Amino acid sequence: MTHPIISYIRDHSNQKISYAEYMAKVLYDPQYGYYMKSKDKVGKSGDFITTSNIHPIFAKIFCTIFHEIITKKNLPIIVCEIGGGTGRFSYDLLKEWQLKFPETFKSLSYFIVEESPYHQTLQKKLLGSFKNVHFHSSIEQIGLDKFEGIIFSNELIDAFPVHVVEKENELLYEIFVTVDEANKLIEAKVPLENEGIENWLSKNGPTLSNNQRIEVPLAMEQWIKKVSQFLSKGAIFTVDYGYWNEEWEQPEHKDGSLRGYYQHQMVANPLLYPSEMDLTTHIHLDSFIKIGKDHNLDTPLVTTQDKFLIKSGILNYLQENYDPNPFSEISKQNRAVRSLITDSMSTAFHVIFQTKSLTNLNTLSFLKAEKEADS
């Protein structure tokens, strides 16, 4: 049976589409998009693992940080998680908040924005006992005139559609997706004509060398703009993997970062397994901060996830007493702590902390710990 994306491209006026359009279709199409399908994506039975699914300790750390920001900065007790996936992070955070801060838990409103109907079903099932959780498919649905509080996302932006460009003989080309005579998805290289991409590269970089390929995240810019308009006062935490421009310019990244993940295996060709495979890219850290500044967001902190967790007190959760049972809660938590600060996945991830209309941030303990470590 011919995949719908094949027919879609064949019916297109040029019989080719940009990588951004390809990703939008195979990931988010309501009928056949990967994220929209009623199948597991996260965990052993899925295609990838997220940090929040390793152990509740990850959510516990953020629970303490969220509570400190809200109470010290006199914000409404509101948290909005965008792209909640299975709902595991929400569940663990809410349980910790209920246990550790019962006096504010009574006033807490927790919004989950999730586009996938399947994931929203999982979230409602897992979080059904919490009466202070509200489910929406977009931030517009939340319906607040102004949002004040905390916004959180984990491994959200890496799955946004991106354009792909390549430099060859000092000229820029956009890489399109087309179909060959055997109905196989292949790439087509076309001289760059998209002014939006040209403007992005000239404004944000990085500097490309010949035979270098890179992703251009125009959708990321639109997302930052939308979230900044949505946030009236508060903080945004973005957890994801990314590169600085200096890293993009290194030879080892000359092929870009667009990859697939299928049954826990990395797939170099993003055109394999359409609608059956997760597609991700590294975010552009320099431009993420720059665009945020253009839309009234300050960025007090960008650091790797392992360093962030250490400065935020994760080592306090290590329990020294020896437990011979490897399946006990103490053993599981100790393994999780060690994994979260030593695993290559944690060192590759970044935590980006942004704020709007907040002052005197030096009173926040995780920022004080970061400054003390740097001094």
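The values are calculated or read from the model by the stated rules, or taken from the named source; none is laboratory data. This structure is a prediction, so every number in the text was calculated from the model and none was measured. For neighbour counting, all protein chains shown are included, and Cβ atoms are generated from backbone atoms with ideal geometry for every residue, glycine included.
Is there a residue in region 116-129 that is under 21 Å from Thr238 (Cα atoms) and without any contact (Cβ under 8 Å) to a residue 40 or more places away in the chain? Yes, there is a match, as at least one residue in region 116-129 is under 21 Å from Thr238 (Cα atoms) and without any contact (Cβ under 8 Å) to a residue 40 or more places away in the chain. Looking only at residues in region 242-271 that are surrounded by fewer than 20 Cβ atoms within 10 Å (Cβ to Cβ) and touching a helix residue (DSSP H, G or I) at 6+ places or on another chain (Cβ under 6 Å), which one is nearest to Ala188 (Cα to Cα)? Among those residues, the one meeting the criterion is Asn245.
Please verify whether Ile224 is surrounded by 17 or more Cβ atoms within 10 Å (Cβ to Cβ) and among the aliphatic types (A, V, I, L, M), treating the condition exactly as stated. Yes: the conditions hold for Ile224. The test for being modelled with pLDDT of 90 or more, in contact with a strand residue (DSSP E or B) (Cβ under 7 Å, 6 or more places away or on another chain) and surrounded by fewer than 22 Cβ atoms within 10 Å (Cβ to Cβ) holds for Gln15.
Picking from residues in region 102-122 that are part of a loop (DSSP other than H, G, I, E, B) and hydroxyl-bearing (Ser, Thr, Tyr), the one that is nearest to Gly33 (Cα to Cα) is Ser116.
The set of residues from region 144-167 being touching a residue at least 60 places away in the same chain (Cβ under 8 Å) and within 23 Å of Leu258 (Cβ to Cβ) comprises Ser153, Asn154, Glu155, Leu156, Ile157, Asp158, Ala159, Phe160, Pro161, Val162, His163, Val164.
Take the conditions charged (D, E, K, R), in contact with a His (Cβ under 9 Å, 6 or more places away or on another chain), closer than 30 Å to Asn194 by Cβ and crowded, with 20+ Cβ neighbours inside 10 Å and apply them to Asp158. Does it pass? Yes; evaluated as a whole, the condition is true for this residue. Being over 30 Å from Ser38 (Cα atoms), at pLDDT 95 or above and in contact with a strand residue (DSSP E or B) (Cβ under 8 Å, 6 or more places away or on another chain) is a condition met by at least one residue of region 270-286. Scanning region 189-246 for residues that are part of a helix (DSSP H, G or I), under 20 Å from Phe147 (Cα atoms) and aliphatic (A, V, I, L, M) yields Ile224, Val227. Of all the listed residues (Ser90, Ser38, Ser52), the sole one being assigned to a helix (DSSP H, G or I), modelled with pLDDT under 95 and closer than 27 Å to Tyr241 by Cα is Ser52. Contact annotation: residue pairs with Cβ atoms under 7 Å, 6 or more positions apart or on different chains, pairing a residue in region 257-284 that is on the phi > 0 side of the Ramachandran plot with a partner that is surrounded by 19 or more Cβ atoms within 10 Å (Cβ to Cβ) and of a type in the set (Asp, Glu), are Gln263/Asp47; His264/Asp47. Quick one: which of Ile291, Ile341 is at pLDDT below 95, assigned to a helix (DSSP H, G or I) and not hydroxyl-bearing (Ser, Thr, Tyr)? Only one candidate passes the filter, namely Ile341. Residues of region 266-283 include none that is among the β-branched types (Val, Ile, Thr), part of a helix (DSSP H, G or I) and more than 14 Å from Glu215 (Cα to Cα). One residue alone among Val165, Val190, Val177 is within 30 Å of Gly84 (Cβ to Cβ), out of contact with any Pro (no Cβ under 7 Å at 6 or more places or on another chain) and of a type in the set (Val, Ile, Thr), and that residue is Val177. Residues in region 123-151 that are outside any loop (DSSP other than H, G, I, E, B) and under 30 Å from Leu201 (Cβ atoms) were compared, and the one that is modelled with the highest pLDDT is Ile151.
Only one of the listed residues (Val113, Val79) is modelled with pLDDT of 95 or more and closer than 25 Å to Tyr261 by Cα. That residue is Val113. Of all residues in region 168-183, those satisfying the criterion of being surrounded by fewer than 18 Cβ atoms within 10 Å (Cβ to Cβ), touching a residue at least 24 places away in the same chain (Cβ under 8 Å) and out of contact with any Leu (no Cβ under 8 Å at 6 or more places or on another chain) are Glu168, Asn169, Glu170, Asn183. Every condition in (1) modelled with pLDDT of 70 or more; (2) on the phi < 0 side of the Ramachandran plot is met by Ser357 except one, and the failing one is (2).
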